[in-house]
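To start, the structure itself, in structure tokens.
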């Protein structure tokens, strides 16, 4: 399988290249402002002159239009691992999925997606418990709360029998309300990613957490998703589809 990487010169792009080489995938090239000597790198989709079986995007929302143009030019599906899309950009992704296979996940880790399923089940059981989410990332992360935190929020909603009210951080007079979920973002150092879902009841606490030790787990997940996508028709897919959850 030949993959084309959007954001190839970034931290995650380099991680995907490294894992692709180790796992026997071919890198067709990439899209980025910074060039890498070992692969052809282009700055615009219009300049791309290579072929690929799948696109993996670990860039930023601002490049979505280029990703869409690449899907049309290369006639292949794409794995969107970028987070922080606006509502308008989400609509564009939905439109793209009507003519191409699109795999979209805020987190490509198997462990994180297991965490989301466990959180859903815990929410269904611990209905009267207060719920709080904390996420920690390196000091260069652009968006908050993280895409994974949002993924966990959706998982909790599937387990709850009410629509929660989200509170992002707290300051001043802020006594906790019923059916409220607090979401808190921490930023510092070189932390790859840590997520915790806490369920707080009367005299007992249940905590579910995941810690990423390296970017390798996200690269592996994206490559597996790209390969899985080869057999799929146009449409929108995510980790739950691939893992049969």
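We did not get these values from a lab; they are worked out from the coordinates using the rules stated. Note that the coordinates shown come from a computational prediction; the quantities given were computed from them, not determined experimentally. Methodologically, a virtual Cβ is constructed for each residue, glycine included, from the backbone with ideal geometry; neighbour enumeration extends over all protein chains shown.
Key figures for this structure:
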{"item": "Estimated inter-spin distance, residue 90 and residue 203, nm [label 7 Å along Cα→Cβ]", "result": "4.1"}
{"item": "Helix-only CD estimate at 222 nm, as mean residue ellipticity for the chain, using -39500 (n - 2.57) per DSSP H run (n ≥ 4)", "result": "-10500 deg cm²/dmol"}
{"item": "Acute angle (nearest 10 degrees) that the helix 87-96 long axis makes with the longest principal axis of the chain, alpha-carbon atoms", "result": "50"}
{"item": "Alpha-carbon Debye profile of the stretch 1-145, log10 I(q)/I(0) at 0.16, 0.20 Å⁻¹", "result": "-0.91, -1.27"}
{"item": "Estimated FRET transfer efficiency when R0 is 51 angstrom, pair residue 194-residue 49 (beta carbons, to 0.05)", "result": "0.80"}
{"item": "Kirkwood-Stokes translational diffusion coefficient of the stretch 68-119, alpha-carbon pairs, 4 °C, 1.567 mPa s, µm²/s", "result": "105"}
{"item": "Calculated FRET efficiency for the pair residue 65/residue 1, C-beta based, R₀ 41 Å, to 0.05", "result": "0.95"}
{"item": "Most mobile of 203, 130, 143 in a GNM of the chain (Cα contacts under 10 Å)", "result": "203"}
{"item": "Helix 110-125 axis, angle to the chain major axis (alpha carbon atoms, nearest 10°)", "result": "30"}
{"item": "At R0 = 45 Å, FRET efficiency that the Cβ-Cβ distance of residue 26 and residue 118 yields, to 0.05", "result": "0.80"}
{"item": "Helix 11-23 vs. the chain, principal-axis angle (Cα, 0 to 90°, nearest 10)", "result": "70"}
{"item": "Normalised contact order of the chain, rounded percent, pairs of Cα under 8 Å and 6 or more residues apart", "result": "22"}
{"item": "The chain - Rg over Rh from alpha carbon coordinates, Kirkwood radius", "result": "1.00"}
{"item": "Whole-number D in µm² s⁻¹ for the stretch 174-245, Kirkwood Cα-pair radius fed into Stokes-Einstein, 37 °C, 0.692 mPa s", "result": "204"}
